[in-house]
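Note sheet for the following structure.
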Amino acid sequence: MKDAEKKISDAEKIEELSAKYKILNSEVEKVIVGQKNVLKDIIITILSKGHCLLIGVPGLAKTLIVKTFSEALDLKFSRIQFTPDLMPSDIVGTEIFDEDGDSGKKFKFIKGPVFANMLLADEINRTPPKTQSALLEAMQEHKVTAGGVSYFLDEPFFVLATQNPIEQEGTYPLPEAQLDRFMFNVWLGYPDESEEIEIVKRTTGSRENKINPVFNKQEIVEFQNLVRKVPVSDEVMKYGVEIVNKTRPDSPSSPKFVKDYVRWGAGPRASQYLILASKALAAIEGRYTPSKEDIVKVSESVLRHRLILNFNAEADNVNVNDLIKRLFEKH
């Protein structure tokens, strides 16, 4: 009886999440024009307790998207502009000597901007690896260490890092091992003409749209836990793992085009994120279990930064997205 009640309760929570997701979309769309797939990818990442890498040229409202989401989710928002002279202490915080402390002279920890719920790491590839790693440690462990003392970050904690794809001078590209820490790699494209007209209308007038909170912190944590409980059939689980296995050129199951064009395939974390993302996608659409189609829908965002192409791919002008789509074709 208790198990039946629990299943009914979880089903009701799925329906509640789906309803709230629709309201969230309507609130975000007050400010953001278009970019529906990007918005969906971001909420999937948040519900999966992951982090997102957003690739897009300047001026596509990356900062506005994250800020708007933080308002709709009622979360604390922080933004860090990454520069070559940024130090780890500029992110996590620093200790200062406090002469006016209650117990006399002592060191006091001043928290940095990483102590937020939603953190925008703008142009993360413009800062040296030492500073990049300070943020990546916080992403993985959800805590920072200063002076031998660990400070836990407030939950939920979500990082959206951005990179500019057109200007690579003076940058420090993230190593593959650090890229793998990001659940999703989302490509942000230009708006179409009608969307751009609407953007100009909204941003050149005097009207301001107020964003009403749809979720609170506690609800987000509860829905994150709910996504983990979404059941997945063995068939769908096997399908996701098989797709990841096909990306590895030394695997017996990999097709010829993978052996020809891929130098390194995706690791086990890709399989984990495929399943988690498909769970979250099913949940926000009001379904109680994911299907193979959900695996296909989230595959590009999960795999595109985990496949390392070789010189043959560059010479033949082969695109990583095209390779991912071909993985789902029958050979």
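The values are calculated or read from the model by the stated rules, or taken from the named source; none is laboratory data. Predicted, not measured: the structure shown is a model, and the values here were computed from it. Virtual Cβ from ideal backbone geometry, glycine too; neighbours counted across all protein chains shown.
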Please list, ordered by first then second residue, the pairs with beta carbon atoms under 7 Å, 6 or more apart or interchain, first in the range 274-290 and outside the structural domain of residue 304 (by TED's automatic domain parsing), second buried (at least 23 other Cβ atoms within 10 Å of the Cβ) and in a helix (DSSP H, G or I). none
Examine the range 148-162 for a residue that is in contact with a Ser or Thr (Cβ under 9 Å, 6 or more places away or on another chain), within 25 Å of residue 24 (Cα to Cα), among the aliphatic types (A, V, I, L, M) and surrounded by 15 or more Cβ atoms within 10 Å (Cβ to Cβ), and state whether such a residue exists. yes
Restricting attention to the range 249-277, which residues are farther than 24 Å from residue 49 by Cβ and either assigned to a loop (DSSP other than H, G, I, E, B) or in contact with a strand residue (DSSP E or B) (Cβ under 8 Å, 6 or more places away or on another chain) (or both)? 249, 250, 251, 252, 253, 254, 255, 261, 262, 263, 264, 265
Top-ranked residue in the range 33-78 [being closer than 17 Å to residue 215 by Cβ and of a type in the set (Val, Ile, Thr); ranked as surrounded by the most Cβ atoms within 10 Å (Cβ to Cβ)]: 46
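Which ones in the range 304-317 are free of Cβ contacts under 8 Å to residues at least 60 places away in the same chain and not polar (S, T, N, Q)?
Of the residues in the range 304-317, the ones free of Cβ contacts under 8 Å to residues at least 60 places away in the same chain are 309-317.
The answer is 309, 311, 313, 314, 315, 316.
Any residue that is assigned to a loop (DSSP other than H, G, I, E, B) and either on the phi > 0 side of the Ramachandran plot or not polar (S, T, N, Q) (or both) - is there at least one of those in the range 278-286?
Yes, there is a match, as at least one residue in the range 278-286 is assigned to a loop (DSSP other than H, G, I, E, B) and either on the phi > 0 side of the Ramachandran plot or not polar (S, T, N, Q) (or both).
Inspect all residues belonging to the range 258-270 and state whether any of them is outside the structural domain of residue 26 (by TED's automatic domain parsing) and closer than 20 Å to residue 42 by Cα.
Filtering the range 258-270 for residues outside the structural domain of residue 26 (by TED's automatic domain parsing) gives 258-270.
Subset that is closer than 20 Å to residue 42 by Cα: 269-270.
Scanning the range 258-270, I find at least one residue that is outside the structural domain of residue 26 (by TED's automatic domain parsing) and closer than 20 Å to residue 42 by Cα, so the answer is yes.
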So for the range 69-90 (the condition being over 30 Å from residue 25 (Cα atoms), assigned to a loop (DSSP other than H, G, I, E, B), modelled with pLDDT under 85 and among the small types (Gly, Ala, Ser)), does at least one residue qualify? no
Quick check on the range 112-127. Is at least one of its residues at pLDDT below 85, more than 18 Å from the chain's Cα centre (by Cα) and surrounded by fewer than 18 Cβ atoms within 10 Å (Cβ to Cβ)? no
Quickly run through the range 114-148 and pick out the residues that are in a strand (DSSP E or B) and not small (Gly, Ala, Ser). 118, 119, 120, 122, 143, 144, 145
In the range 219-242, anything surrounded by fewer than 13 Cβ atoms within 10 Å (Cβ to Cβ) and not in a helix (DSSP H, G or I) is listed as 231, 233
Residue 321 passes all but one of the listed conditions (1) within 21 Å of the chain's Cα centre (by Cα); (2) part of a loop (DSSP other than H, G, I, E, B); (3) over 21 Å from residue 46 (Cα atoms); the exception is number (2)
Output yes when any residue across the range 161-176 is at pLDDT 85 or above and out of contact with any strand residue (DSSP E or B) (no Cβ under 6 Å at 6 or more places or on another chain), and no when none is. no
